[in-house]
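I have placed the structure first, in the form of structure tokens, so that the comments after it can refer back to it.
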Amino acid sequence: MAGDARKRTDQERKRVLQRNAERGPTTTGAAGTLLPPRATSTGTLRKIHEEALLQFGARGYHAVSIRDLAGAVGIHPSTVYSHVKSKQEILAQLIRIGHEEQAQRLTRAVAEAEDDPVEQITAMVAALVRLHADYPLLMRVSNRELEALAPEDREAAYAARVQAESAAVAIIERGRKQGLFGDFEPVLGMTALGSMGIRVAEWWRPELGIDVDELAETYAKFARKVLS
């Protein structure tokens, strides 16, 4: 629980920071798998998807070739093309999975929260944090490689983002009008909270001793303070 943070010693906190500095971003998060259940690919295609995630995350989309992916999976490059049309299609599939997972989690979080702007926005933040802790590599690629998408796929990804961001802005604006939040531009509040959640994929790892419940609870508290 979030209260456990106060029980850590300075030495334990220093170890957390040291581990992060030495190891860098993790690949497998709290979920224990690279991809969520909505990723239904199996067999060779599943291996291609997972290897692409690993290499895109480590080196960037443009630095990875089909030959690189095939070699890591242990197949001939031509075999990759029997499963996908191009490297671009692999990226589009991965980013679509990431955005669909995010949309579902955030929508569900708001629906399950009380009809109160504070509860709704903190539920969204907690859901965003959990997602980036569960599937950090998928979300890093989904966030970093948008500009590498073909125009039509990039447009669809941005449309999904705008929909989620607009929902958060509407909640913040409603809370502002009710006097629950400070008098500021809601877009700035949404951006601040979203940036906090996205960064979780860059630093959090299971072995740090900070569990996902504590992580989500604490960030939800941060959200309340940011908006108050």
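The values are calculated or read from the model by the stated rules, or taken from the named source; none is laboratory data. The model shown is predicted, which means the values in this text are computed figures rather than measured ones. All Cβ positions, glycine included, derive from the backbone under ideal geometry; neighbour counts span all protein chains shown. Heads up: the accessible areas ignore ligands, DNA and RNA and are worked out on the full protein's heavy atoms, side chains in. Shrake-Rupley method; radii C 1.70, N 1.55, O 1.52, S 1.80 Å.
Checking the conditions here, which among Glu207, Glu173 is of a type outside the set (S, T, N, Q), at pLDDT below 95, assigned to a helix (DSSP H, G or I) and on the phi < 0 side of the Ramachandran plot? I'd like the intermediate steps shown before the answer.
On the way: Glu173 fails: at pLDDT below 95.
From the options Glu207, Glu173, the qualifying one is Glu207.
Among (1) touching a Gly at 6+ places or on another chain (Cβ under 9 Å); (2) surrounded by 14 or more Cβ atoms within 10 Å (Cβ to Cβ); (3) free of Cβ contacts under 8 Å to residues at least 60 places away in the same chain, there is one condition Ser228 misses while meeting the rest; what is its number?
With (1) touching a Gly at 6+ places or on another chain (Cβ under 9 Å); (2) surrounded by 14 or more Cβ atoms within 10 Å (Cβ to Cβ); (3) free of Cβ contacts under 8 Å to residues at least 60 places away in the same chain applied to Ser228, the lone miss is (2).
With respect to Ile90, determine if the residue is open to solvent by less than 20 Å² (accessible area, probe 1.4 Å), within 30 Å of Asp213 (Cβ to Cβ) and part of a helix (DSSP H, G or I). Talk me through it step by step, then tell me what you get.
On the way: open to solvent by less than 20 Å² (accessible area, probe 1.4 Å): yes; within 30 Å of Asp213 (Cβ to Cβ): no; part of a helix (DSSP H, G or I): yes.
No.
Starting from the range 67-91, keep only residues that are acidic (Asp, Glu), then list their pairs with residues that are part of a helix (DSSP H, G or I) whose Cβ atoms are within a distance under 8 Å, requiring at least 6 positions of separation or different chains.
Correct list of pairs: Asp68/Gln55.
Can you find a residue in the range 144-163 that is open to solvent by less than 30 Å² (accessible area, probe 1.4 Å), part of a helix (DSSP H, G or I) and of a type in the set (Val, Ile, Thr)? Before you say what the answer is, go through the steps one by one.
Initially, the range 144-163 is screened for residues open to solvent by less than 30 Å² (accessible area, probe 1.4 Å), giving 145-146, 148-150, 157.
Those left that are additionally part of a helix (DSSP H, G or I): 146, 148, 157.
So of that shortlist, the ones also of a type in the set (Val, Ile, Thr) come out as none.
No: zero hits.
Considering every residue within the range 128-137, establish whether at least one is open to solvent by 50 Å² or more (accessible area, probe 1.4 Å), in contact (Cβ under 8 Å) with a residue 40 or more places away in the chain and not in a helix (DSSP H, G or I). Lay out the reasoning, then the answer.
At the first step, the residues of the range 128-137 found to be open to solvent by 50 Å² or more (accessible area, probe 1.4 Å) are 130.
Keeping just the survivors that are in contact (Cβ under 8 Å) with a residue 40 or more places away in the chain gives 130.
Now drop any that are not not in a helix (DSSP H, G or I), which leaves none.
Scanning the range 128-137, I find no residue that is open to solvent by 50 Å² or more (accessible area, probe 1.4 Å), in contact (Cβ under 8 Å) with a residue 40 or more places away in the chain and not in a helix (DSSP H, G or I), so the answer is no.
One line per residue, one yes/no per condition, for (1) at pLDDT 95 or above; (2) in a loop (DSSP other than H, G, I, E, B); (3) over 25 Å from the mean Cα position of the chain (by Cα); (4) not acidic (Asp, Glu):
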| site | (1), (2), (3), (4) |
| --- | --- |
| Asn20 | no, no, no, yes |
| Pro25 | no, yes, no, yes |
| Ala30 | no, yes, no, yes |
| Glu51 | yes, no, no, no |
| Ile75 | yes, yes, yes, yes |
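Is there a residue in the range 70-85 that is surrounded by 21 or more Cβ atoms within 10 Å (Cβ to Cβ) and touching a Gly at 6+ places or on another chain (Cβ under 9 Å)?
Step one: filter the range 70-85 for residues surrounded by 21 or more Cβ atoms within 10 Å (Cβ to Cβ), giving 80.
Among the residues that remain, those that are also touching a Gly at 6+ places or on another chain (Cβ under 9 Å) are: none.
Scanning the range 70-85 turns up no residue that is surrounded by 21 or more Cβ atoms within 10 Å (Cβ to Cβ) and touching a Gly at 6+ places or on another chain (Cβ under 9 Å).
If the Cβ limit is 8 Å and pairs must be 6+ apart or interchain, which residue in the range 195-217 that is open to solvent by 40 Å² or more (accessible area, probe 1.4 Å) pairs with which residue that is of a type in the set (Phe, Trp, Tyr)?
Met196/Tyr219; Met196/Phe222
Pick out the one residue from Leu188, Leu193 that is aliphatic (A, V, I, L, M), assigned to a helix (DSSP H, G or I) and under 19 Å from the mean Cα position of the chain (by Cα). Show your work before the answer.
Details: Leu188 fails: under 19 Å from the mean Cα position of the chain (by Cα).
Just one listed residue meets the conditions, Leu193.
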